[in-house]
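To start, the structure under review is shown below, and the notes come after it.
The values are calculated or read from the model by the stated rules, or taken from the named source; none is laboratory data. In this text the structure is predicted, and so the values were computed from the model without any measurement. Here the Cβ positions follow ideal geometry from the backbone for every residue, glycine too, while neighbour counts run over all protein chains shown.
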Amino acid sequence: MSGLLAARALPPGYEYFDHHVHDPAATRAPSQPAIAPEAHVRDCILGPWTRVGGRTSLMETEMGAYSYIVTDSSSAYATIGKFCSIARDTRINPGNHPTWKAALHHFTYRSVSYELGEADDADFFQWRRDDHVHIGHDVWIGHGATVLAGVSVGTGAVIGAGAVVSKDVAPFTIVGGVPSKPIRERFPKAVQDGLLALAWWDWPHERLAEALPDFRALDADAFVAKYS
């Protein structure tokens, strides 16, 4: 039985994974999603050039083109934009518990595995889905960071290593700490607006290749000035 994301319309190059099982004999094009043998990917949509590291778990997550999440990480009920760089040991929308109820333990909503009920609690899992995490494009999430339920992280933001993010993060803002707090903005507003207007993360692969020397050589201000 396919998961909830199976019905989504897929952009070119995107693939749906119901329950990925590694096939060592399979061949794949360089642009196809690369999933490590020990990774667990269930009910997910992955864009071209994406990478999922070893022992990483993705559930009901959509990850945009060129984004990667490395080893020993997890993501659930999340939308991740393009070109995101997610370091190891990160947690995106980790497990949450019903603090307002008499029991915190998951026997109340995963009742079948404890032989306490004939069905699991669908309302609980819908609550988890409703607390979706949204991550914009070209976001860098540092080693060991945690992004809690319901948080939105803006395009171009940076989350420092070990941070616990419980509130929304504005675009192009660097945050850190427990709980995370803004440290500074990466660029002046004019440069931020220029990058958002360029939306280079939507450029086709060929245009990215043509602009690669400028991505390498120019700072953001000069890049915006050249391509605006």
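Points to keep in mind about this one:
- Subset of region 40-79 that is among the acidic types (Asp, Glu) and closer than 15 Å to residue 20 by Cβ - its residue that is farthest from the chain's Cα centre (by Cα): 43
- Residue match in region 93-103 (condition: among the aromatic types (Phe, Trp, Tyr) and at pLDDT below 95): yes
- The lone exception for residue 185 - which of (1) among the acidic types (Asp, Glu); (2) out of contact with any strand residue (DSSP E or B) (no Cβ under 9 Å at 6 or more places or on another chain); (3) closer than 18 Å to residue 137 by Cα it fails: (2)
- Failed item in (1) touching a helix residue (DSSP H, G or I) at 6+ places or on another chain (Cβ under 7 Å); (2) farther than 30 Å from residue 192 by Cβ, with residue 103 passing the rest: (1)
- Residue 162 vs. criteria surrounded by fewer than 22 Cβ atoms within 10 Å (Cβ to Cβ), in the same structural domain as residue 50 (by TED's automatic domain parsing) and not polar (S, T, N, Q): yes
- Among the residues of region 175-185, none qualifies, meaning not one is surrounded by fewer than 18 Cβ atoms within 10 Å (Cβ to Cβ), within 17 Å of residue 83 (Cβ to Cβ) and either in contact (Cβ under 8 Å) with a residue 12 or more places away in the chain or among the hydrophobic types (A, V, I, L, M, F, W, C) (or both).
- Of the residues making up region 85-93, at least one is under 28 Å from residue 31 (Cα atoms) and touching a Gly at 6+ places or on another chain (Cβ under 6 Å).
- Against the numbered list (1) closer than 20 Å to residue 82 by Cβ; (2) polar (S, T, N, Q); (3) more than 24 Å from the chain's Cα centre (by Cα), residue 113 comes up short only at (1).
- Residue list for region 108-126, restricted to those being under 20 Å from residue 93 (Cα atoms) and either out of contact with any Asp or Glu (no Cβ under 9 Å at 6 or more places or on another chain) or surrounded by fewer than 15 Cβ atoms within 10 Å (Cβ to Cβ) (or both): 121, 122, 123, 124, 125, 126
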